[in-house]
Amino acid sequence: MAKKGKYLCCCLFLMSMIGAGWLQAVAQENRTVPQKNVEQMKKSQKAPQELVKSDKVPVMVIYNNKGMDSLGRRLVFTMRERFNKSDLFRLSGYDEQKIRIVIRSQEEFEGRPGLSSVYSIVWNFSYGKDVLSSYLSSRVGFVAHDAIQDQAESLVARTDEIFTQYSYLFEEE
């Protein structure tokens, strides 16, 4: 009888551990699914009217996190900060007409990380979801670790020049 009690306790203990792990996995899955749904919903959702009426130019800065080096990421986030503080632009992830800025970067010298980066940037005009974007401009350049702020300011200023040149694309028909 004592052996059966030990086996029963062990079985109950193992079943509770398995059940707890299963519940934890289900809870984790339920936490991540709504976040994905929110992101998917935002990408297919039209911009709220108060944003559209603000007369700020919608801009989206896109980069590939897997291939980017640290200076390239810092350049992207500095540009996003600058767009957020701007009176002319606003960051947009909505399904609307916007300027899409696609950035790629890599270390200039493989053996000396964090010293400088080579980047390429392409400005496109996005008409919205499921419509081919129009090429506006591009640039290739270098950014040093101590010049990220200046380079970001220069690229944001270039975005303003591009918007001025192609502003007719934003005019309503």
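General observations
- Residue within segment 151-160 that is within 22 Å of the chain's Cα centre (by Cα) and part of a loop (DSSP other than H, G, I, E, B) present: no
- When we screen L71, L91 for residues that are among the hydrophobic types (A, V, I, L, M, F, W, C) and under 20 Å from Y127 (Cα atoms), the only hit is L91.
- Search result, residues across segment 104-162 that are surrounded by 16 or more Cβ atoms within 10 Å (Cβ to Cβ), of a type outside the set (A, V, I, L, M) and within 20 Å of K66 (Cβ to Cβ): R104, S105, E107, E108, S117, Y119
- The set of residues in segment 62-94 that are part of a loop (DSSP other than H, G, I, E, B) and buried (at least 18 other Cβ atoms within 10 Å of the Cβ) comprises M68, D69, S92, Y94.
- Whenever a residue of segment 106-119 is in the same structural domain as G72 (by TED's automatic domain parsing) and part of a loop (DSSP other than H, G, I, E, B), its partners that are surrounded by 13 or more Cβ atoms within 10 Å (Cβ to Cβ) and of a type in the set (D, E, K, R), lying with C-beta atoms within less than 6 angstrom and at least six residues away or across chains, give the pairs P113/E107.
- Matching residues in segment 96-133 - criterion: being among the aliphatic types (A, V, I, L, M), within 20 Å of A152 (Cβ to Cβ) and at pLDDT below 90: L115
- Taken as a whole, segment 38-53 holds no residue that is modelled with pLDDT of 90 or more and loosely packed, with under 15 Cβ neighbours inside 10 Å.
- Taken together, the criteria exclude R74 from residues that are free of Cβ contacts under 8 Å to residues at least 24 places away in the same chain and assigned by TED's automatic domain parsing to the domain that holds T159.
- Here T164 fulfils each of the conditions (1) farther than 21 Å from S54 by Cβ; (2) of a type in the set (S, T, N, Q); (3) part of a helix (DSSP H, G or I) apart from (1).
The values are calculated or read from the model by the stated rules, or taken from the named source; none is laboratory data. These numbers come from a predicted model, not from an experiment. Note that we place each Cβ from the backbone using ideal geometry, even for glycine, and neighbour counts take in every protein chain shown.
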